[in-house]
1. For the range 262-292, how many residues meet the condition of being surrounded by 18 or more Cβ atoms within 10 Å (Cβ to Cβ), among the small types (Gly, Ala, Ser) and part of a helix (DSSP H, G or I)?
2. Sort out which residues of the range 177-200 are out of contact with any His (no Cβ under 7 Å at 6 or more places or on another chain) and surrounded by fewer than 22 Cβ atoms within 10 Å (Cβ to Cβ), and write them in order of number.
3. Against the condition at pLDDT 95 or above and under 19 Å from residue 88 (Cα atoms), how does residue 46 come out, does it pass?
4. Looking at (1) within 28 Å of residue 153 (Cβ to Cβ); (2) crowded, with 17+ Cβ neighbours inside 10 Å; (3) out of contact with any strand residue (DSSP E or B) (no Cβ under 7 Å at 6 or more places or on another chain); (4) of a type in the set (Gly, Ala, Ser), which one does residue 108 not meet, given that it meets all the others?
5. Kindly state which helices (runs of 4 or more DSSP H) lie completely within the range 293-405 and contain at least 2 residues that are within 30 Å of residue 266 (Cβ to Cβ) and out of contact with any Gly (no Cβ under 7 Å at 6 or more places or on another chain).
6. Against the conditions (1) among the small types (Gly, Ala, Ser); (2) closer than 17 Å to residue 149 by Cβ; (3) touching a Leu at 6+ places or on another chain (Cβ under 8 Å), where does residue 207 fall short? Just the number, please.
7. Please specify each residue of the range 6-43 satisfying the condition of being of a type in the set (Lys, Arg), out of contact with any helix residue (DSSP H, G or I) (no Cβ under 7 Å at 6 or more places or on another chain) and either modelled with pLDDT under 95 or crowded, with 17+ Cβ neighbours inside 10 Å (or both).
Amino acid sequence: MIWRWITDRWENARHKSQNQQLRAAAKKGDTSAVRALLAAGAEINATGTFGWTPLDEAAFKGHTETVKTLLAAGANVHAAHNDGKTALYSAAHEGHTEVARTLLAAGANVNAAGPIGYTALMIAGARGHTETVKALLAAGANVNAADKHGSTALIEAARDDHTETVKALLAAGANANAVRNNGDMALMLAAEKGHTETIKALLEADANVNATNNDGVTALMVAALEGHTKTVSALLAAGANVNAANNEGATALIAAVDKNHTETMSVLLAAGADVNVAKTSGVTALIVAADRGHTETVSALLAAGADVNAAQKDGATALMSAAINSRVETIPALLAAGTDVNAATNDGVTALMVAADRGHTETVSALLAAGANLNARTPDGTTALKLAKKGKHREVVKLLEKAKEKK
C-alpha cells in the first residue's frame, strides 16, 4: 500500500514535470522537444498557473511550426485561459498573423469572446496589428462586435491612433458611429489624443462630427480641452458646431480657456465661437480665465468682445474670481476694460471683501486704487475691514484703515 502511494506520487511528479517542460518547450518554439515530450507522455492540453496550455504559449510567441505540431497532435484549439481568452486571442494580441491563420484553419472560433466580450479582432485592432485584423476579418470576424462596455475594434483602434487599422476596419464595414455605453465614439477618443489622421479617416466614413456622449460632450470639446489645435481645425472644417454645449453648458471655447490653450482658443474664436456664452451656472470663458489667472487669455477674450461685467447666477464677476485667488496680474486687465470694481454678488459681497477675507494685500491695494468702496456692506453689515479683522490679516487691516483715514 505504501509502495503504491510512493509510486503514484512519483508518477504524478513525473507527469507534472513533463507537462511543465512541454509548456516551456512550446514557449521557446522548440518543436523537436515538443515532439519528444509528447511521445514520452506529456499531456498536450495540460494547463499552467493561469490556465495556459502549450498551444497558448506557442501562439503567444508566434511559433507557427510548433503550433502546427501541437494541433496535429490533438491540441484543443478552443481551450481558454482562466480569463477566458484563447490561443487565437494570444496570437492576435501579439500580431502573429500566420499563427492566427493556422489556428483559424484548425477551427478556432474567430468570434470567441472573453468574460467582458473582448474578441481577437478587438485586441488586434487596439494594438494596431493591421495584417492580423485583415486575416481575422477574412475568416468572418464580426467587425462590429462590442464588449460589455460597448467598445468595438474600431473604437479601440481609433483611440490608440492606428490609422491603417482603422481604415481596414472601415473598409470591412465597421460602424464609424458605434457608441460605447457612456456615449463615447471613435471620433471622440481619437480627438482626445489629437489623432488627426485617424479623425480624417473616420470623417470620410461619415462619422457624425457633432455626436455627443452621455455628458453632451462632442469631439470638438474634447480636442479643445486637450489643446489639439490641428484636430480642432480638422473638426471645424468638417462642420463641427463651434458653439455646441455639453450638459453643463460648457462649449469648446470654455474648455480651451480652462486649460489656457490660447492657440486653440484663437482658432475657435476665428470660427465664430460665442465669446460670451455661459455655462448653466453663468460662468463664461472670461470668468474661467480670470479665475485661473490666465492674463494673456483674459486680454484676448476682452479684445474679442467678452463682457467684462458678465456675472454668474450668484452675481460673481470675473473680477471677483480673480480677487478670490489674488490674480494680481490679471486684475489690471479687467480694471482697464472697465469692470465694475464695486459690483456685488446676490449676497452683497464685493471683490474688495473677498480679497480682504482672504488676506490678499496686493489685490486689496489694487482694488482700492481703482476706487473700491471701503464702506460697502452686506445686508448683515459685513464690510471688508470686518472680514480682514476677523481673519487676523494685519497687513490688510492696516491698508484698509489707512485708506479709511484718507477718506
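1. Going through the range 262-292 one residue at a time, the tally reaches 3.
2. 177, 178, 179, 182, 183, 192, 193, 196, 197, 200
3. Numbers: at pLDDT 95 or above: no; under 19 Å from residue 88 (Cα atoms): yes.
Here the answer is no, as residue 46 does not meet what is asked.
4. If we test residue 108 against (1) within 28 Å of residue 153 (Cβ to Cβ); (2) crowded, with 17+ Cβ neighbours inside 10 Å; (3) out of contact with any strand residue (DSSP E or B) (no Cβ under 7 Å at 6 or more places or on another chain); (4) of a type in the set (Gly, Ala, Ser), just (3) comes out false.
5. In the range 293-405, 295-303, 318-324, 331-336, 361-369 are the helices (runs of 4 or more DSSP H) which contain 2 or more residues that are within 30 Å of residue 266 (Cβ to Cβ) and out of contact with any Gly (no Cβ under 7 Å at 6 or more places or on another chain).
6. (2)
7. Hits for the range 6-43 are 9, 14, 16.
To keep it simple, each residue is scored yes or no on (1) within 21 Å of residue 179 (Cβ to Cβ); (2) under 19 Å from the mean Cα position of the chain (by Cα); (3) among the basic types (Lys, Arg).
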{"residue": "199", "(1), (2), (3)": "yes, yes, no"}
{"residue": "222", "(1), (2), (3)": "yes, yes, no"}
{"residue": "227", "(1), (2), (3)": "no, yes, no"}
{"residue": "230", "(1), (2), (3)": "no, yes, yes"}
{"residue": "239", "(1), (2), (3)": "yes, no, no"}
{"residue": "242", "(1), (2), (3)": "no, no, no"}
{"residue": "258", "(1), (2), (3)": "no, yes, no"}
{"residue": "262", "(1), (2), (3)": "no, no, no"}
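The values are calculated or read from the model by the stated rules, or taken from the named source; none is laboratory data. Because the structure is predicted, anything quoted here is derived from the model rather than measured. Note: ideal-geometry Cβ built from the backbone for every residue, glycine included; neighbour counts use all protein chains shown.
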